[in-house]
């Protein structure tokens, strides 16, 4: 019985270490963005000509003088609870040396002008390139009946 107790202790210890390793990896994968936090609280309306591109799925509007290097606002769905998303245009790869600004391209993706990392515009995750961290996403509320979009952090 004493041997069985030692074996159980060893098994529990191994499981605890394995669990701790999984936690660490999950935490590393969900790292917060290295892009500095700045206060963001901006409202736009897609019925305004400057932002009317957001009436069409797949279109992007760039906001300047907000966020770190501007904000990319993307319309990825015509219905559902989250139709519009917003990301900081600062590429998170190799900050502060990378001066990369993220630009929208085709197929729901955006690319950094400096490092060529590509990001999924539906969730900000890395698609390809040297970056291991997705682009910083902001909170968006959208009222489809009024066209009001509010972006905050």
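At-a-glance table
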{"quantity": "Residue, farthest from the chain's Cα centre (by Cα), within the range 139-153, restricted to residues that are assigned to a loop (DSSP other than H, G, I, E, B) and touching a residue at least 40 places away in the same chain (Cβ under 8 Å)", "calculated": "146"}
{"quantity": "Subset of the range 129-138 that is in a loop (DSSP other than H, G, I, E, B) and touching a residue at least 40 places away in the same chain (Cβ under 8 Å) - its residue that is surrounded by the fewest Cβ atoms within 10 Å (Cβ to Cβ)", "calculated": "134"}
{"quantity": "Selection within the range 42-52 - in contact with a strand residue (DSSP E or B) (Cβ under 8 Å, 6 or more places away or on another chain) and either surrounded by fewer than 16 Cβ atoms within 10 Å (Cβ to Cβ) or assigned to a strand (DSSP E or B) (or both)", "calculated": "42, 43, 44, 45, 50"}
{"quantity": "First in the range 75-98 and closer than 19 Å to residue 41 by Cα, second anywhere and part of a loop (DSSP other than H, G, I, E, B) and modelled with pLDDT under 90, Cβ under 6 Å, 6 or more apart", "calculated": "88/35; 90/35"}
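The values are calculated or read from the model by the stated rules, or taken from the named source; none is laboratory data. Note that the structure is a prediction, hence the values are computed from the model and not measured. Backbone-built Cβ (ideal geometry, glycine too); neighbour counts: all protein chains shown.
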